[in-house]
Amino acid sequence: MPDTHAPSNVPLVHQWMPFTANRQFLEQPRLITGAEGVYYYNTRGDKIFDGSSGLYCIPLGHGRREIREAVTQQMQELDYAPPFQYGVPAAFRLAAEMAEMLPPGLNRVIFSGSGSESVETALKIAIQYHRVRGEGQRQRIVGRERGYHGVNFGGWSVGGMVNNRKSFGLGLPGALHMRHTKIPENQYEMGEGTHGANLADDLQRFVDLHGADTIAACIVEPIAGSTGILVPPKGYLQRLRDICTKHGILLIFDEVITGFGRTGQNFAAQTFGVTPDIMTMAKALTNGSIPMAATAVREEVQQTILDAAPENNIEFYHGYTYSGHPVACAAALATLKIFREEDTFARVRNLAPAFLEQIGAFKDLPYVTDTRGYGLLSAVELEPKGKPGDRGFNILCKAFEAGLVLRAAGDTIVLAPPFAATADELSQMIDIMRKVIKES
Ligand code: PMP
C-alpha cells in the first residue's frame, strides 16, 4: 500500500507534481523538509547534499541571512505595486546593477517571474523589433535540437525536446532547429569540444533556404543544460554571432542556467567571449529564494522599439503582474551584493579544475559513455538499462537514499553543486555518485 501521507500526516495525492512520475513518487516519496548551507534535511533529520544547487538556482547555498532580512524589510516597506505605468525604486536599482554585470551594450532589462517567461519576453522583443523596422516578415525563430527554453508555447517550440512535441503537438509556427552539438568526436572532452564549430553553419543553411528576411532571431543556451550539459565546441558561438550579424538576425542567449557565475564569469557570454543581442536569465538571480527572471537587451534594440509611436501609451505590449516585484527585487539586490562582496564566482574558477577532473575520471566506470562539463556544471552519461531514462531515474532515487540530490536528464546524470561548497564536500559528493553508479 503506497504511503500517501507525508510523515507529518500531510496527504500527498492532491498536488499534481510537475515533471515527476506522480504514482511512483507516492510509493517512494522523496520529501525535503529543511535546508541550510549546501545540505537539505528530511523528516528523519538526514543530511542530503544539494548536488544540483536546487534547480541550478542556489549558488550561495540555502538560507542566507542577508537575503532573508532584505526580503523581510522590503515586505514591511512595500509588498507590491503595479509594474505597468508605475515603478518601484528597487526594480530600477536592480536593473542598473545588472547592466554593470552584463556584457557591454546589454544594458536594458525587463523583469519577469520565471525562466520560461524571460524566454517568451525575448522572443516577442525580437519579433517586434523587426516589425517596427518595417521587416514584419521576419517571423521565424531558429532554435536547436536538444535546446530547452522553458515550458511556455514559444519556448518549447523553439526548444528541441522530443517529449514536448509528443505531448503538446505542433507549437509555434515558423520554428526551425539547428542540429545539436553533441558529436562523437568530442566524447569525454571536458570543457569546450575541439570539433563541431561548423555546426553553426546550420543557421546559414536556413538563411540560404528560407531567406534571412524571414528570420527574426536565433536562440541557444550557450551550454545546453536540461538536456544533459552540452558544452559548445570551440568557435561555435562566435560563428553563430557572425552569421547573425551578417544577416540582421538577433542572437539570443538563454542564460537561465549559465548566468550568474556557473561558468566562472558573470555570464557564459563573457566566458566564451561572445555577446548576444538579447539575454535571458533567472534562477541564481535571487539565489532561488523568490521567483524572478529577466531579459536584457542591447540599448539599440530597446531604442528601436521606443522610437516607434506608442499605441495606447504602451510601447511593448507585454508584461506580468509580478514583473519587477519589489520583494523579488530586494532578494536579487541582496544576492548580487553577496556575489560582489564575496567574489563568489572566483570560487567557481578555483573549484572547477579539480571538480571537472573528478567528473572526467568517471570515464573508467562501467556503463559510462561520456563525460562533459564546464565550470561547476557537469554530466556523466550512462548506457540505458531497461527503458531509456530508467537507469538515470534509478540513480536519482538511490542517490537520495545515500544523501545526494542530483539531476537526471534521461540516463545522463548532472551535477551542478553550489559555489558555496568546499573542495572536500565536492569530493564527498563525487564519492556518493560513484558508488551509486557502480550499483546501478
Ligand atoms: N531556459 C533554460 C535554459 C532553462 O534551463 C530553464 C529551466 N531549467 C528555463 C528556460 C525555464 O525556466 P523556468 O523553469 O524558471 O520557467
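Couple of notes before you dig in:
- Note on Lys363: aspartates and glutamates with a C-alpha under 13 Å away, same-chain residues under 8 apart excluded, are Glu189, Glu381, Glu383.
- Positive minus negative residues near Met161 (Lys, Arg vs Asp, Glu; Cβ under 10 Å): +2
- Span from the the range 392-434 Cα centroid across to the the range 58-105 one, whole angstrom: 31
- A crude spin-label estimate for the pair Ala96 and Asp343, with each label 7 Å from Cα along the Cβ direction, gives 2.6 nm.
- 3J(HN,Hα) along the range 172-183: 5, x, x, 7, 10, 10, 6, 5, 6, 10, 8, 10 Hz, from the Karplus curve 6.51 cos²θ - 1.76 cosθ + 1.60 with θ = phi - 60°, whole Hz, x for Gly and Pro.
- CD proxy at 222 nm, helix term only [per DSSP H run n ≥ 4: -39500 (n - 2.57); per residue of the chain; nearest 500]: -11500 deg cm²/dmol
- Subtracting the Cα-Cα distance of Ser167 and Asn350 from their residue separation scaled by 0.36 nm leaves 61.7 nm.
- The range 56-195: relative contact order in percent, alpha carbon pairs under 8 Å with at least 6 residues between: 14
- Residues whose amide H falls under 5 Å from that of Leu12, counting only those 5 or more places apart or on a different chain, are His5, Ala6, with hydrogens built in the peptide plane.
- Packing order of peptides 16-22, 51-57, 189-195, highest average first: 51-57, 189-195, 16-22 (average count of other Cβ atoms within 10 Å over each peptide's residues).
- Charge context of Leu172, other residues only, Cβ under 11 angstrom, K/R +1, D/E -1: 0
- Annotation: amide H of Ala224 within the under-5 Å range of Leu230, sequence separation 5 or more or interchain, hydrogens built in the peptide plane.
- Cα-Cα over 28 Å, subset of Lys283/Lys337; Lys182/Lys438; Lys124/Lys246; Lys182/Lys387; Lys166/Lys435: Lys166/Lys435
- In the chain, Rg over Rh equals 0.96, where Rg is the alpha-carbon radius of gyration and Rh the Kirkwood radius from pairwise Cα distances.
- Across the range 390-401, computed HN-Hα scalar couplings (Karplus, 6.51 cos²θ - 1.76 cosθ + 1.60, θ = phi - 60°) run 5, 5, x, 5, 4, 5, 4, 5, 5, 5, 4, 4 Hz from first to last residue, x flagging Gly and Pro.
- In the range 175-285, Cα pairs under 8 Å separated by at least six residues give a relative contact order of 24 percent.
- Look at the alpha carbon pairs under 8 Å that are at least 6 residues apart: their mean separation over the length of the chain gives a relative contact order of 21 percent.
- Neighbours of Gly261 by Cβ distance under 13 Å: Lys/Arg scored +1, Asp/Glu scored -1, total +2.
- By other beta-carbon atoms within 10 Å, ranking Arg349, Arg138, Arg30 with the fewest at the front produces Arg30, Arg349, Arg138.
- One chain, two ends: Gln303 and Asp431. Fully extended at 0.36 nm per residue, the span grows by 40.9 nm beyond their Cα-Cα distance.
- You can think of it this way: the chain between Tyr41 and Lys385 has 120.8 nm of extra reach, that is 0.36 nm per residue less the Cα-Cα gap.
- Efficiency of FRET between Glu357 and Asp242 - r from beta-carbon atoms, R0 51 angstrom, step 0.05: 0.95
- A cut-off of 5 Å between modelled amide H atoms, ignoring neighbours fewer than 5 places along the same chain, links Ala217 with Val142, Leu250.
Every number here is computed from the coordinates shown, using simple stated rules; none is lab data. What you are looking at is a predicted structure, and each value in this text was computed from that prediction instead of being measured. For neighbour counting, all protein chains shown are included, and Cβ atoms are generated from backbone atoms with ideal geometry for every residue, glycine included.
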